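Heads up: the structure comes next, in C-alpha cells.
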Amino acid sequence: MKNSENNNYFSLNSYDPHTHGGQYLENMSSATWVSDALFTALELDLFEILEPYGNDGASAVILSQKLGTEAAVLTPYLALLESLGLLFCFEGIFTNASLTKRYLLSSSPDYLGDAVRFRKTQALHWHHLKSALLQKKSIDRDDPSDTATALEMTALKNKAVNELTRMKALECVGFFNDLSGKILIIGPGSETTGRCFAEIFPLITVTLLTDESAFSPSLTSVKDVPQIRTATKTDLQTAADNSANDYTLIILTGLFVTDDQQLLHDQLSFCLPILSANGILMIHDAFDEHATLMARLSGVNRMIHFGGQVCSAKEVIQQLETADLSTTALIPLETDTAVIFAGKSPSFIESLSLTPIQRLKHPILNVGFDDVMEIAPDSVVVTEFAKNKCAFGCSSANLKHCQANDIPFEETIHLLATYSKAFLIKGTPGTGEFQRKILEAERLAFTSGFHKAFAFWAGPCHICPSCDLEKPCLNTKNRRPSMEGSGIDVFSTVRNNGETLKTLASKDEFIKYYGLLLLE
C-alpha cells in the first residue's frame, strides 16, 4: 500500500499524543470519505467487473467503458482504492487486491459485502446522533414505513449479521479440540455460529433459541444441517429437570446488542440450570477493554439503532463470579470482539484450547497498563548506540540506581536469542509505579507457567521509597535491568512493532513508558 504512514485515519486507532493533533482531527473529520469510497465501489459492482480480467487486470480506460463514465473521472477514484488497499496497480493496470478477493467478491465464502452495505444504512442514522443523545427525537431504528423496503432491510440485516458472525465464529470454534453432546446458542448470528460448530464437530447437536428479538434465528437458513434445531425458552424450561437436557456448551453472543435482551443475571438464571456440571458457558461480544475505539463506536451504534450498549468485561466477569462460576480472563479474538469462558467447575478450562499467551495477556493488562502487545523477540533492536547514550547522555549514569540495573550489551543479544515470545508493555509515569507494575506482570507470567519470564523496565530504578546511593542495593529481589541501559534501542523497537514514539521538545509533553517482558 502506498504512503501507509499517512493512512492511519482509516485504521481506527485512538489518538496518539505523539502524532500531530491537528492532522488527527483533519483525518477524523474526513473519515466518512473512506467509507463512502468503499460503499460506492460495491454499488458500482466495480470489484465484480474487474475480477474476470484476472491477473492481467484492466486499465482505467477499460473500466470507465464498462461503467459508462470517463477515464479522467475514474482514475483518481481508482488511485484512492489502491491507497486503501482494495486494488493493486502496476503500470496503470488495476487488479483486485487479496483483501478484496477474499471479502468483497460474492463468490468468496468469506464475503462481507452485505455487511458493508448494511453499515451504509446504519451510517445514515448517525446524522441524528445529537438528537438521540439529547432525546429530542426518536430515532427510526431501521423500520421503514414501506413494507417492501422493510422486508428488504430485514433481509440485508440478517445477511450482514451472519457474514460478520462467520468471521468470528470460525475463531470461536478454534478454542475447542473436541466437542460432543448438546450445545445451545443464544443471540444474533446464532445460525451461522451453529453451522460453524456443526461442520467441525459432527457429534454435536445444536439448539438455537428463538425469541421475539430482531435477530431471531431462522431454521430455513440451516435446513441443510440436520444437527441444528430451534427451540423457545418455554421448551427448554419445561425440560430443565430432564438430565438429558444438560448442555455441554452454551454460547451467549451479542448479549448487549438490543434493548429487548435480558440482563446477564437473568440469562444466567435461565442458562445455568440446563448447563451440565462440567459444561462451558461462552460469552462472545464486543467489550470495552478490547479494540476499545471500535468497541465504543459499536456501543454508540447499538444505542442509536437497537437501544443496546457495549459492556466492560470486568463487570461481566464479576457477575459470573457472583453466580459462583469460575471464569477465564477476557480472551481477545483477532477481530474486534472477544470471549469470556465460565463453568461450574474450575476444571472446565482444561478442555479449552487456550494458548498460555491468551490466558496471560489480559491479567497483565488489568494490572494497569495502557496496552500489552505480543511481539517477536527478534524485533527488539539492540545497538551499541543505546548503551553509549545511557553512559554518556544521562545524569544517572554513574549512580547506583542506574548501574545496578543494566546488563552488558552482548549479554542482552544472547538473552533475547533464547526466547521465542515477548510482550511489549506500554504505560505512563510515574517511574516507580510503572516499574512495580512491570514486576507484577513478571510475577503473573511466572505463576502462569512461564518459568523463564524476565522483565526489562524503563529508566533508573525507583522501586524503593528511599535509596542510599552510597550503599549496595538491599532490594536485589526486585531489581531489573532497564531497556536502555542494556543496549535496547527503545525508539526503534517500539516503531518496529507499530507504535509511535518521539523525542520530547518540552517537559510538559505526553510521556510514554515501555517495558519488555520475555516469555518462555
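The values are calculated or read from the model by the stated rules, or taken from the named source; none is laboratory data. All values derive from a computational prediction rather than experimental measurement. We place every Cβ from the backbone using ideal geometry, glycine too, and count neighbours over all the protein chains shown. Just so you know, the surface numbers come from the protein's heavy atoms only, side chains and all, with ligands and any DNA or RNA stripped out. Shrake-Rupley method; radii C 1.70, N 1.55, O 1.52, S 1.80 Å.
For the range 93-114, give me each residue that is aromatic (Phe, Trp, Tyr) and either open to solvent by 40 Å² or more (accessible area, probe 1.4 Å) or not in a strand (DSSP E or B) (or both). Show your work before the answer.
Of the residues in the range 93-114, the ones aromatic (Phe, Trp, Tyr) are 94, 103, 111.
If the condition is that a residue be aromatic (Phe, Trp, Tyr) and either open to solvent by 40 Å² or more (accessible area, probe 1.4 Å) or not in a strand (DSSP E or B) (or both), then Tyr103, Tyr111 are the ones that fit.
Just to be sure I understand, how many residues within the range 170-195 are open to solvent by less than 40 Å² (accessible area, probe 1.4 Å) and part of a helix (DSSP H, G or I)? So that I can check it myself, show each step before the final result.
Within the range 170-195, the subset open to solvent by less than 40 Å² (accessible area, probe 1.4 Å) is 172-173, 175-176, 179, 181, 183-194.
Subset that is part of a helix (DSSP H, G or I): 172-173, 190-194.
So the answer is 7.
Can you list the helices (runs of 4 or more DSSP H) lying wholly within the range 252-344 that have 3 or more residues being over 29 Å from Leu134 (Cα atoms)?
It comes to 264-271, 313-322.
Yes/no matrix, rows are residues, columns are (1) within 25 Å of the chain's Cα centre (by Cα); (2) among the basic types (Lys, Arg); (3) modelled with pLDDT of 85 or more:
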{"position": "Asn242", "(1), (2), (3)": "no, no, no"}
{"position": "Phe256", "(1), (2), (3)": "yes, no, yes"}
{"position": "Asp260", "(1), (2), (3)": "no, no, no"}
{"position": "Asn278", "(1), (2), (3)": "no, no, yes"}
{"position": "His284", "(1), (2), (3)": "yes, no, yes"}
{"position": "Asp288", "(1), (2), (3)": "yes, no, yes"}
{"position": "Leu293", "(1), (2), (3)": "yes, no, yes"}
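Specify the residue that is least open to solvent (accessible area, probe 1.4 Å); the eligible residues are those in the range 212-232 that are modelled with pLDDT under 85 and not in a loop (DSSP other than H, G, I, E, B).
Val222
Return the pair list, or none, for Cβ contacts closer than 8 Å from residues in the range 256-267 that are open to solvent by 60 Å² or more (accessible area, probe 1.4 Å) to residues that are at pLDDT 75 or above and of a type outside the set (S, T, N, Q), at least 6 apart or on different chains.
Asp259/Phe306; Asp259/Gly307; Asp259/Gly308; Asp260/Gly307; Gln262/Phe270; His265/Ala323
Quick one: in the range 70-92, of everything that is open to solvent by less than 60 Å² (accessible area, probe 1.4 Å) and not in a helix (DSSP H, G or I), which residue is nearest to Asn162 (Cα to Cα)?
Leu86
Just checking, how many residues over the range 29-67 are assigned to a helix (DSSP H, G or I), closer than 14 Å to Cys89 by Cα and either small (Gly, Ala, Ser) or open to solvent by less than 50 Å² (accessible area, probe 1.4 Å) (or both)?
5
Only residues in the range 148-169 that are at positive phi and assigned to a helix (DSSP H, G or I) count as the first member; pair them with residues that are open to solvent by 40 Å² or more (accessible area, probe 1.4 Å) and modelled with pLDDT under 90, Cβ under 7 angstrom, at least 6 apart or cross-chain, and list the lot.
As it stands, the answer is none, since no pair meets every condition given.
When you check Ile488 against the structure, is it open to solvent by 40 Å² or more (accessible area, probe 1.4 Å), aliphatic (A, V, I, L, M) and touching a Ser or Thr at 6+ places or on another chain (Cβ under 7 Å), yes or no?
no
Quick test of your reading of the structure: Leu518 fulfils all but one of (1) closer than 25 Å to Glu384 by Cβ; (2) at pLDDT below 95; (3) of a type in the set (A, V, I, L, M, F, W, C); (4) within 26 Å of the chain's Cα centre (by Cα). Name the failing condition by number.
(2)
May I ask you to list the residues in the range 347-358 that are open to solvent by 30 Å² or more (accessible area, probe 1.4 Å), among the aliphatic types (A, V, I, L, M) and within 20 Å of the chain's Cα centre (by Cα)?
None; the set is empty.
Mind listing whichever residues of the range 359-386 are open to solvent by 50 Å² or more (accessible area, probe 1.4 Å) and at pLDDT below 85?
Correct list: Arg359, Asn366, Phe385.
So which of Ser482, Ser448 is modelled with pLDDT of 85 or more, surrounded by 19 or more Cβ atoms within 10 Å (Cβ to Cβ) and among the hydroxyl-bearing types (Ser, Thr, Tyr)?
Values: Ser448 fails: surrounded by 19 or more Cβ atoms within 10 Å (Cβ to Cβ).
Every option except Ser482 fails the conditions.
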